[in-house]
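Asks: Sending over a structure as structure tokens; questions will come in a sec.
The values are calculated or read from the model by the stated rules, or taken from the named source; none is laboratory data. Since the model is a prediction, treat every value here as computed from it, not as a measurement. Please note: Cβ atoms are built from the backbone with ideal geometry, for glycine as well, and neighbour counts cover all protein chains shown.
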Amino acid sequence: MDSARSSRDIYLRNPDQRLVKVIVSGPFGVGKTTIIRTLSEIPPLQTEEMMTATGAIVDHLDGVRDKTTTTVGLDYGRMSLGDDLALCLFGTPGQQRFHALWKDITRGALGALILADTRRIADSFEVMGLIEEQGIRYAVALNVFPDSPAYPEADLRQALDLAPETPLITCDARDRDTSLAALLALAEHLLALPALEQS
């Protein structure tokens, strides 16, 4: 009985919560599934499948040679920010062959957290362009890998062509604290938008 109640509390923490759709995006193999798994307060929905030899022909594996699984639909998780607000996290697939899903997945999103990898920063350009085409405001989180090179923030902002107000954060998608900091930076950016747009 107690376990059933606690499970129900996780799923229905507050039935009156405002639900906000947030996209978690980025290129192939950057850590989108991992960060949603790290942040979600519910068991996340994942559509990961084993990589195949056929998939390896069409997917660019540069920099992600050790990757064995890939998202073939979407990832979904949820995270409450207090009792009144919950972020619904929708992870997009990173491969170009799945871009037909993007408009459906991104429809109605308030914002996006774009993950990037400093070992292959140019791989983020196409994803950022797709998010901008949808008119979705975003923050960029640099997911740290063991061999990630470190660059000055100003150089990274220039390379990514970021607007001055767009947040650029470093995180480890496996670590809840830094992943949460990235998500909160996006939330603060979105909350500040009305003031920015009026000035």
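Asks: Considering each residue of the range 66-88, count those that are within 23 Å of Asp104 (Cβ to Cβ) and at pLDDT below 85, and give that number.
Replies: Qualifying residue count, the range 66-88: 6.
Asks: Looking at the structure I just gave you, is Arg97 of a type in the set (Lys, Arg), modelled with pLDDT of 55 or more and more than 25 Å from Ser148 (Cβ to Cβ)?
Replies: In short, yes.
Asks: Hey, another quick one. Filter the range 1-40 down to residues that are exposed (fewer than 11 other Cβ atoms within 10 Å of the Cβ) and among the basic types (Lys, Arg) and give me whichever is modelled with the highest pLDDT.
Replies: Arg18
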